[in-house]
1. Taking the Cα centre of the protein assembly as shown as origin and charging only Cβ (+1 Lys, Arg; -1 Asp, Glu), how large is the dipole, in debye to the nearest 20?
2. Between region B:381-439 and region B:238-257, what is the C-alpha centre distance in whole Å?
3. Roll a 1.4 Å probe over the protein heavy atoms and report the accessible area of A:W149 in Å², nearest 10.
4. With every protein chain left in place, what is the accessible area of B:K393 in Å² (1.4 Å probe, nearest 10)?
5. For chain A, which DSSP H helices look membrane-span-like by this rule: Cα extent along the axis of 27 Å or more and mean Kyte-Doolittle of at least 1.0?
6. Just the accessible area per residue of chain B, please: how many Å² with a 1.4 Å probe?
7. For the protein assembly as shown, what % of the accessible area comes from carbon and sulfur atoms, probe 1.4 Å?
8. Using just the alpha carbons, could you tell me how many Å³ per residue the convex hull of region B:44-173 encloses?
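The values are calculated or read from the model by the stated rules, or taken from the named source; none is laboratory data. Since this is a predicted model, take the numbers as computed values, not measurements. Ideal geometry is used to build each Cβ from the backbone, glycine not excepted, and the neighbour counts take in all protein chains shown. Note: areas computed on protein heavy atoms with side chains; ligands, DNA, RNA excluded. Shrake-Rupley method; radii C 1.70, N 1.55, O 1.52, S 1.80 Å.
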Amino acid sequence: MARMAGRRLLYAVPVLLAVTFGVFAIAAASPFDPVKAYAGTAGFSASGEALDQLRDSLGADDPFVTRWWDWLSAVVTGDLGQSTSMRQPVADVIGERIGWTVLLCAVAFAVAIVVGTLLGALAARRRGGLLDRAVTSVAYAMEAAPPFWLGLLAVWLFALQLDALPAGGLTDTGTDAVTFGQVAEHVLLPASVLAVSQMPWFVLYVRQGVGDALDEDPVRGARSRGLAERTVLLGHALRSGLLPVLTLIGTRVPELITGALLIETVFSWPGIAAATVEAATSVDFPLLAALTVLATAAVLLGNLLSDLLYGLADPRVGFDG
Amino acid sequence: MSVRGIRAAVSVTATAAVLAGAAACSNPDADDDSGGSGGNGTTAVIGVANEPDTLSPLLGYGKDGNSKLFDGLLARDGDMELKPALARALPEITDGGTTYTYELRDDVTFSDGEPFTAADVVFTYETILDPGTNNASKGDLEAVESVEAKGDDTVVFTLEYPYAPFAERTVLPIAPEHVAGKGDVNTGAFNTEPIGTGPYVLDNWRKGEKLTFSANPGYWGGKPKVRKLTMAIIADDDIRATRLRSGDLDGAILPPNLAKTFAEDDDKQTLAATTADHRAVTLPTDNPVTGDVAIRRALDVAVDRGAMVDKLLEGRGKAAYGPVPTDSEWFAKGTERPYDTELAGKILDDAGWRAEDGGIREKDGQRASFTLYYPSGDKLRQEHALAFAGDAKKVGIEARVESGTWEVIEPRMGEDAVLAGGGSPADPDFDLYPMLYSELAGQGFNNMASYENPDVDTALVEGRESGDKAERKRAYDKVQQELTENPGYVFLTHIDHIYVVADTWRGLTTQVEPHEHGFGSGPWWNVESWQPAS
């Protein structure tokens, strides 16, 4: 197990290198002009001379390989560089915001897994039944619903019509104090929307897994031995039905990150999302590279985690596979 | 899926534990705040669409005044007249308009308690002009040759050439040398932790969510009644309207159609700010169709500006005949062009553009057809572009409307028309010179239409160099006259900016606003002077 984790981590190094190199190459090939992006609206009235000075100062004409190498050598010494789009050191940009994104994603993911599993198992219990048909069709519909739209709908319903939850922000708009109660109240709506956008996959996977398990001999045997339905469902079918979910956890991480991007915009959540979009459209190499490394690492870790869990859950699966 | 294991439940618990752990690690930056929920009229929460990149004046923040955290040497009042701020009086202008001398107030301190002196002024201007400073707006100060302190309370600007509107540039906020001089000007801490002399100090800036300010108790103009001010960043128009309706915001900028939904609300007031914010179609000189003066003149009278104001802007705006709004003192009366498709047809007939099959005119084998770009995602410009194309079609000219990002549009600006926007109300030079001066053709977004007219060039230079207002007025009248003879742009509308604000304050006003609506524009341009209603 440790060997697999170690090997994966070693393997991650060239992957990360390749990904950052790719980011620099793609950003350099993109039609976005870092100088124009930096200047923003001022760029529309800026003099040619001012723009030339900016171009020079931002090193916008350097080949991307040079920039990548400079960035890499600095990162090795612990210097993440300066973000041009945020006018701040990259470490500050990320440090100020990532906690909130992690919080949002973690809550949403936990809710999606727990509620998704529950609904999936219940639906599998009587396949073709009313609950199953309802849950499945809603899940399919939700799979297609864009998180942005879900967010608008949630704001309209919960903040405006019911006046039950705040419509956005990390705390009440009029106050700066970050208390547990405030954050808990404000995270509820965005996290729920994000969870709902992720949930269909868990529901459908669990339903399928548990449903299959219910048809298998050992479960049928358990049933015929007269065990209670609850014991059969939870004790036998759910356990084996959950295995595919473990794999799913790893593969959902990228979707979770992109979903969070949209949700943060809708709810003015002070996470990393706005910075990510800005970094990309501004060709802000240092920030973009750092964020890409983070996202890649999250995906690799997600995969590692689900493989480890899978190995733990099912002794027949080796850790070398 | 028929695999099962005995430790599944255990592993699910483990997953949950890991996730819970991740949540716990999120490290909220606990922030001590005594603001509270606020009494009637003493706090204001405003919804704005854009977040500033920086709060440092050295990088361009607040360059047109009203920055709340900072003051300039001068400021503008509700009628856009210059008045002294950090300077004791309006500048003394000598040496034929090339020397501007400002006497400074001696009772001003920065919010950290340090006194404000002439050295801070010199530092601010010199830093902005430094080639190493990444300030895209430094061209605003291109006339400046040097800036010098004479003692602690006098600053002298020497200009390279006489520049009449220079005083308008000195609303630029002044940064403290003892703070902003430390660290990297482009990425240093001052960008996010500003210190100024203004009516408010920054309490907190949670990127992507909001900025909070509190009244500066030591403000030289007196402590503001609105003691806590919050600017919530909400990019989406609908969400901003929703949060305004839910009572979460006290005020917000809104597009006209959303603002209209608040008309029946008794506890909300709607303010329409007149602006210099124009929408215009560029007519590139190098394009064989739009470069033809007959086509230009025909288009200029063929567009139904009144209908655009009524239909696209819901009446919230004015017809535009140039960058100078019709209600500005600089507008050349008599240059209004009425909507006249017959005249347009006659101009085209006389110039030899004959209608062919399909109604599109031709001349010497050249079809009267060109491409008109608008920046994608900008609904208002899209509507303007389509309305323009519809009007052009009626007189036999085809404008093929296409959308693209600025990255797509910019390389094509020399050849294709663009639905452009812009506008700066303070002085006619700020818009006319960059838009029309021939030597600036194709430099960045200056003179997008590559307009070339020697008479206009001469008048533009006269207008910016003359210190005599009547002489300036004559020069700018001439420019606007020339635009009727040979339009390089078809100006369509000046659009109002609409704000909806809770009815908790009295006597709210707006200034004439520029194209950009930053934090400084809107009814909160003078939030420090707001009076509670009760």
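1. So the dipole magnitude of the protein assembly as shown works out to roughly 4780 debye.
2. Value for the Cα centre distance between the two parts: 30 Å.
3. The accessible area comes out at roughly 130 Å².
4. B:K393 exposes around 120 Å² with every protein chain in place.
5. The qualifying helices are A:2-29, A:90-125, A:243-266, A:285-313.
6. On the way: 20630 Å² over 534 residues.
Roughly 39 Å² per residue, with all protein chains present.
7. Here it works out to 55 percent.
8. Spread over its residues, the Cα hull of region B:44-173 gives 132 Å³ apiece.
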